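J.: Just passing along the structure, written as structure tokens.
The values are calculated or read from the model by the stated rules, or taken from the named source; none is laboratory data. Since the structure is predicted, the reported quantities are computational estimates derived from the model, not experimental observations. All Cβ positions, glycine included, derive from the backbone under ideal geometry; neighbour counts span all protein chains shown. Heads up: the accessible areas ignore ligands, DNA and RNA and are worked out on the full protein's heavy atoms, side chains in. Shrake-Rupley method; radii C 1.70, N 1.55, O 1.52, S 1.80 Å.
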Amino acid sequence: MKEKFQLLSTVVIDCEIARKSVEQSFRAAFVGGSMLRCCSYRIRSYSSIAFSALAAVLLAACGGADDSPGRSVRPEPIVQPIPVDAEVVDFSVGEFGANIIETIEGDVATVNPLVNESVGGSLVIGRILDSLVTMDPKTGEVIPNLAKSWEISEDNLQYTFHLRKGVHWSDGEPFTAEDVVFTWQTFFAKQSDPETGEVMTGEDGRPLYRYNSRSTFGQQINGQEPQVEMLDDFTVRFTTPEVYAPFLLFGGGVDILPKHILYDAYEDGTLMDQWSLQTAIDEPWKIVGLNMFVLETYRPGERMVFARNPNYWKVNTQGERLPYVDRVISKIVPDGNSSNVAFAQGQTDFEFIGPDNVAWVRRGEERFDYTVLDMGPSSSTNFIWFNLNPGKNAEGEPFVAPYKFDWFSDKRFRQAISYGINREGIIRGVFFNRADILNGYVSPKRKFWYNDEVRKYPYQVERSRALFQEMGFEYRGQELFDANGRRVEFTLITNSNNGLRVEMATVFKENMAAIGVDVELQFLDFNTIVTKISDAFDYEACMLGLGGGAPDPYAGKDILMSGGRMHFWYPQQQSPATEWEARIDELMREVGRHTEVEVRKEYFNEVQAILAEQQPFIFLVSAKEYAGYRNRWHNVEPTPLGGVTWNLESLWSEVSE
Amino acid sequence: MIAFILRRLLTLIPLLLGITLLVFLLMSLAPGDFLTPVRAQRDVPAELIQAIQTEFGLDQPWYVQYYKWLGNVLQGNLGHSWAFKVPVADLIGQRIWSTFLLSLCAFVFSWAIAIPLGVLAAVYKDSIFDRVSAVLAYAALSIPEFFLALVLVFFAAQTGWFPLGGATSIDYDYLSFGGKMLDRAHHLVLPTLALGIGSIASIMRIMRANFLDSMRAGFVATARAKGLRERVVMFKHVLRNAINPLVSAFGFAFSSLLSGALMVEIVLQYPGLGQLMYQSILREDQFVVLASVMLGCSMLVLGNLLADILLAWSDPRIRLERKK
């Protein structure tokens, strides 16, 4: 197989010859067919037309990819010497040349990091592009990557990064500080008036950006842009407008773009159209990066193939250039279930396995020689919240009926509900013990930020009833009525395409019935839910989950702060609706402003404590994570933060022939 | 003849206008829009959503969006896919060959089997063969395509004889040309079966009925009386007359060449236009959906036109232009 890779160009020539011989053999088949006197001449000519049309399409389909017009030739890669500042990776030395086969869930929409919005896309881009700093997969600390070191100024405003020397892009061009400056330029380039050259502004007086990417707004610090300057070829300095603790991780974690490839597109305004899937099909070598792989081929809806970057900057202890792997072949599958099926049949090498699939995936461990590992709690959370938006819709009707709003906005009501939920029951019945109780906003996976000293809500029906009675509610038989004699009931919405969530909602309904509350469940399409909770606000209670997210607590500011877009229970408040929300806003600002980890942690602990006391989110459970790998791989050292493939460059396997 | 073709093509214009208007209206009525999944992500800044919304024109009423889109289409620009950031025409171009190949295979497969079977069933009417084929045909007709596809997926997973999904193998790019052909053919077997079996049954029943009709015609007696051999009577004279009604069925088959494989493509994970269209509908990637719908609609009109022309050509009794 390896030989065939190198002979790619000769294969193309062979195609011409092969095509002719295939055409001839088709003709021979027709001649042979005419000896079978079962149809009239007319029919035979019909079918031969059809057959030759079919053959022509097959020929076009097989040959088309190689000689479609406008396609330039794959350039021979330029291999530069190993960089002076190459990172030596301390893993046992292995054998080069194996291939990894894996699956990607859902088709990837683009390879351009400025455009990408999907998880699959980030995974692919993360294979090709690299950043100045990264996160230690064991401790979660920020560690050097393309920057070998950095200094932070006394006033905590300036970050000076020293880049590794001698590093080259995958096409052999040198990597310098200019690329870093260029990358940040693309974020903050303004639209300017073509005649006067002045920066154009929107209705709110803020400048209009040329390329609206996630970083354009995400990298701004309270509406102000950080400044970047190049001190010399290998030194860049960032200046933040105010002290901003997460900058090192968020700013340093930006994928660096190649100036020599993208500058022209940046100038002529087509930057967002670059590195599309059309590029991936026609000229994948134009997508150059600094990470360990480059894109070799892409077939829409089928697969992506990555080849090793011949200029990668990590070496093994013997000074040989990594990675060991020759190619990564990523098959595109529609969803997580089909991905797990492929792994369980021994077709793929590495896999994340959902808690609902792990039992049957484990059954194949011996037969297909793979290992399934319990990776501990995941970063995903599941929760319920009540609509606390006091606003009115266009017809002047309040979003939530006023008497229900009075219940929901009383913290005792939310606490009573929380005491009434049998979380152990959910874990046993829905997750088959493959989940953990979630007490607060932070999943136990993020050990570092997790505060265990918060109010907890074990399953205590008596306390729940007592809290209701304290509010003046009364039980008539098994049914609960409020102080004005209204039946306590509400509707809970959740998305229908998440089976686990639907089951959790069902358990929740039963739990609520036990404390006299009548819950009606509505399972809706995900888009409908998002519209309801972020725009229409015509719902009473909702169950959703959050997954992933950056590991810095400040990444949750849009969720936790009252003005945030994702402040689920009452988003985008003009000023905080309650005192405790005002306090959380204050604390979160401090979390962003301080750089000493212990101080930040103290502020964030208080945020968690307030959330636990107030229960705006009623947290349920956090599912466990499982990962699998084929036993033929060496140097596999999974960590909860980094997964199985965090050290992909050091993974190797005997090459089977 | 040319005037007839032109007239038929002109009817396409109001048809396309109506259909695209309807699609636009329906998509605006559907909950959420293209940006809804983005809104549900925790770390997307509100300003970015605002900026993209303005860029895509999603903040305008649907009829304004439709008007702008129509303006672009009249200038030959089908728009950009929002999800892929690629011109819609290119995106469809990426996938069209896979679907065309699959549909053509299914077409050839079903017609090549159905016509001889239909003829045999007619010639040996009421024999065991006729009865069995009738039962099988009704069974095949009543199994929905997607269910058949599911059964085939199960079959492939159990036996391992056929690949599960995709149109090519992992090592496709490194195969010789013959190897590429074989590999493609191997991947086409199951989708072709899933797509073709249903139409075998219907075409076969039509063929049988036509053939039986023609067998009772007067010219058959004449031909026999002239002392022609039975085989020549059946296959040369009866068959030619019986095949005419199938020409209109051919037109319909043509119209489904690009849009008929949606279900099969989704279940069997065959990377074609149907999959793209399905994903685009789910994502509400408007311009891709509109272009696919227009493509399907145009193919339907063209297929019918083709059938009419073929009929006129094969049957001298039919005249396309009525003289006043």
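J.: With runs of 4+ DSSP H residues as the only contributors, calculate the mean residue ellipticity of chain A at 222 nm using -39,500 (n - 2.57) per run, divided by the residue total and rounded to the nearest 500.
T.: Values: 20 runs with 214 residues, N = 657.
Calculated from helices alone, the mean residue ellipticity at 222 nm is -10000 deg cm²/dmol.
J.: Okay, moving on. Run the numbers on chain B and let me know its relative contact order in percent, using alpha-carbon pairs under 8 Å that are six or more apart. Numbers along the way, then the final one.
T.: Working: 337 pairs, mean separation 85.1, N = 324.
26 percent.
J.: Say we join alpha carbon atoms closer than 10 Å with springs in a Gaussian network model of chain B; which of B:Ile19, B:Ile197, B:Ile266 then has the biggest fluctuation?
T.: B:Ile19
J.: Something else about it: As a test of reading the structure, rank A:Asp558, A:Asp179, A:Asp232 by solvent-accessible area (1.4 Å probe, protein chains only), most first.
T.: Largest accessible area first, the residues go A:Asp232, A:Asp558, A:Asp179.
J.: Can you run phi through the Karplus equation (6.51, -1.76, 1.60; θ = phi - 60°) for segment A:567-577 and list ³J(HN,Hα) in whole Hz, with x for Gly and Pro?
T.: 6, 2, 6, 6, x, 6, 6, 5, 9, x, 6
J.: List the DSSP H helices in chain A whose Cα atoms stretch 20 Å or more along the helix axis and whose mean Kyte-Doolittle hydropathy is at least 0.0.
T.: Those that pass (Cα extent of 20 Å or more, hydropathy at least 0.0) are A:8-34, A:41-67, A:499-514.
J.: Let me ask you something else. Hey, can you grab everything whose amide H is under 5 Å from the amide H of A:Arg303? Only 5+ residues off in sequence or another chain; H modelled, so Pro and N-termini drop out.
T.: A:Ile332
J.: Taking the Cα centre of segment B:1-103 as origin and charging only Cβ (+1 Lys, Arg; -1 Asp, Glu), how large is the dipole, in debye to the nearest 20? Before the final figure, lay out the partial values.
T.: Values: 7 positive and 6 negative charges, 90 e Å.
Its charge dipole is roughly 420 debye.
J.: Taking every DSSP beta bridge that has both residues in segment A:381-623, what percent is antiparallel when rounded to the nearest 5?
T.: 65
J.: Summing +1 for each Lys or Arg and -1 for each Asp or Glu, what net charge is found among the other residues whose Cβ lies under 15 Å from the Cβ of B:Leu302?
T.: Spelling it out: positives minus negatives among the neighbours equals +1.
J.: What does the charge count around A:Ile152 come to, taking other residues whose C-beta lies under 13 Å from its C-beta (Lys +1, Arg +1, Asp -1, Glu -1)?
T.: -3
J.: For A:Phe293, which sequence-distant residues (separation of 5 or more, or a different chain) have an amide H within less than 5 Å of its own amide H, given hydrogens modelled in the peptide plane?
T.: Excluding prolines and chain starts, which carry no amide H, the hits are A:Asn309.
J.: If you average the alpha carbon positions of segment B:205-257 and of segment A:285-305, how far apart do those two centres end up, in angstrom?
T.: A separation of 55 Å, based on Cα centres.
J.: Compute the signed sum of charges (Lys and Arg +1, Asp and Glu -1) over the other residues within less than 10 Å, Cβ to Cβ, of A:Trp652.
T.: Charge balance near A:Trp652 sits at -2.
J.: State in Å² the accessible area per residue of segment A:554-635; use a 1.4 Å probe, count heavy atoms of protein chains only, and round to the nearest integer.
T.: Each residue of segment A:554-635 exposes 37 Å² on average to a 1.4 Å probe.
J.: Ignoring everything except DSSP H segments at least 4 long, calculate the 222 nm mean residue ellipticity for chain B; use -39,500 (n - 2.57) per segment, divide by total residues, nearest 500.
T.: -24000 deg cm²/dmol
J.: A further question follows. Taking each residue in A:198-204, count the Cβ atoms of any other chain within 10 Å of its Cβ, then average. What number comes out?
T.: So the per-residue partner count for this stretch is 1.
J.: Still on this structure, please answer the following. Please give the solvent-accessible surface of B:Ile203 in Å², to the nearest 10, using a probe radius of 1.4 Å with every protein chain present.
T.: My reading of the accessible area for B:Ile203 is about 10 Å².
J.: Also, I was wondering about something else. Using a cut-off of under 11 Å, list every residue of segment A:222-260 whose amide N is near the label point 7 Å from the Cα of A:Val181 along the Cα-to-beta-carbon line.
T.: Hits in segment A:222-260 for A:Val181 at 11 Å: A:228-237.
J.: Running a GNM on chain B with Cα contacts under 10 Å, which residue among B:Gly296, B:Gly79, B:Gly160 ends up with the highest mean-square fluctuation?
T.: Highest fluctuation among the options: B:Gly160.
J.: Using alpha-carbon positions, what is the distance between the centroids of segment B:137-175 and segment A:313-368, in Å?
T.: Between the Cα centre of segment B:137-175 and that of segment A:313-368, the gap is 24 Å.
J.: At 1.4 Å probe size, with every protein chain present, just tell me what the per residue accessible area of segment A:207-282 comes to in Å². It would help to have the intermediate numbers written out before the result.
T.: On the way: 2890 Å² over 76 residues.
Here the per-residue accessible area is 38 Å².
J.: In square angstrom, what is the accessible area per residue of segment B:143-198 with a 1.4 angstrom probe?
T.: I get 44 Å² per residue for this part.
J.: For B:Ala40, what residues show an amide H to amide H distance below 5 Å, using hydrogens built from the backbone and excluding near sequence neighbours?
T.: none
J.: Moving on to the next point. Could you tell me which of B:Pro316, B:Ser292, B:Met181 has its Cα farthest along the dipole of chain B towards the positive end, charges placed at Cβ (Lys, Arg +1; Asp, Glu -1), taken about the Cα centre?
T.: B:Pro316
J.: Have a look at the DSSP beta bridges in segment A:411-532 and tell me what percent are antiparallel, nearest 5.
T.: Taking every DSSP beta bridge within segment A:411-532, about 35 percent pair in antiparallel fashion.
J.: What FRET efficiency would be calculated for the residue pair B:Ile113, A:Thr371, taking the C-beta separation as r and a Förster radius of 35 Å, to the nearest 0.05?
T.: My answer for the efficiency is 0.15.
J.: At 0.36 nm per residue, minus the direct Cα-Cα distance, what do A:Gln158 and A:Met471 gain on full extension? Give it in nm, one decimal, please.
T.: Here the segment from A:Gln158 to A:Met471 would lengthen by 107.3 nm.
J.: What does the average come to when, for each residue of peptide A:272-279, you count the partner chain Cβ atoms lying within 10 Å of its Cβ?
T.: 4
J.: Let me confirm one metric for peptide A:208-217, namely the mean number of other chain beta-carbon atoms within 10 Å of its residues' beta-carbons.
T.: Mean partner-chain Cβ count within 10 Å for A:208-217: 4.
J.: What is the calculated FRET efficiency for A:Ser192 to B:Trp161, with r their C-beta to C-beta distance and R₀ = 56 Å, to the nearest 0.05?
T.: Here the calculated transfer efficiency is 0.35.
J.: Count the DSSP beta bridges whose two residues both fall in the protein assembly as shown, then state the antiparallel fraction as a percent rounded to the nearest 5.
T.: DSSP beta bridges in the protein assembly as shown are roughly 80 percent antiparallel.
J.: Identify the residues of segment A:349-385 with backbone N under 18 Å of a label point that sits 7 angstrom from the Cα of A:Asp335 along the Cα-to-Cβ direction, or state none.
T.: A:352-361
J.: In square angstrom and rounded to 100, what buried accessible area do you get between chains B and A, total over both, with the probe at 1.4 Å?
T.: 5900
J.: Extending each Cα 7 Å along its Cβ direction at B:Ser298 and A:Glu229, get the distance between those two points in nm, one decimal.
T.: Rounded to a tenth, the inter-label distance reads 5.6 nm.
J.: Any idea what the dipole of segment A:381-623 comes to, in debye rounded to 20, about its Cα centre with Lys/Arg Cβ at +1 and Asp/Glu Cβ at -1? List each step's numbers first, then the result.
T.: Working: 28 positive and 34 negative charges, 109 e Å.
Around 520 debye, computed over segment A:381-623.
J.: Counting only protein heavy atoms and a 1.4 Å probe, tell me what percentage of the protein assembly as shown's accessible area is made up of carbon and sulfur. Let's see the in-between values first.
T.: Working: 25080 of 44330 Å².
So the carbon and sulfur contribution to the accessible surface is 57 percent.
J.: Please turn the phi angles of segment A:536-545 into ³J(HN,Hα) values with the Karplus equation 6.51 cos²θ - 1.76 cosθ + 1.60 (θ = phi - 60°), one per residue in order, whole Hz, x for glycine and proline.
T.: Once θ is set to phi - 60°, the couplings for segment A:536-545 become 7, 6, 8, 8, 9, 9, 9, 10, 9, x Hz.
J.: Let me ask something else about it. If R₀ is 45 angstrom, what is the calculated FRET efficiency for the pair A:Gln460 and A:Ala394, using the beta carbon separation as r and rounding to 0.05?
T.: Values: r = 42 Å, r/R0 = 0.94.
For R0 = 45 Å, the calculated efficiency reads 0.60.
J.: Also: Taking the simple approach of a point 7 Å from Cα along Cα-to-Cβ for both B:Thr11 and B:Tyr278, what is their distance in nm?
T.: Those two pseudo-labels are separated by 3.2 nm.
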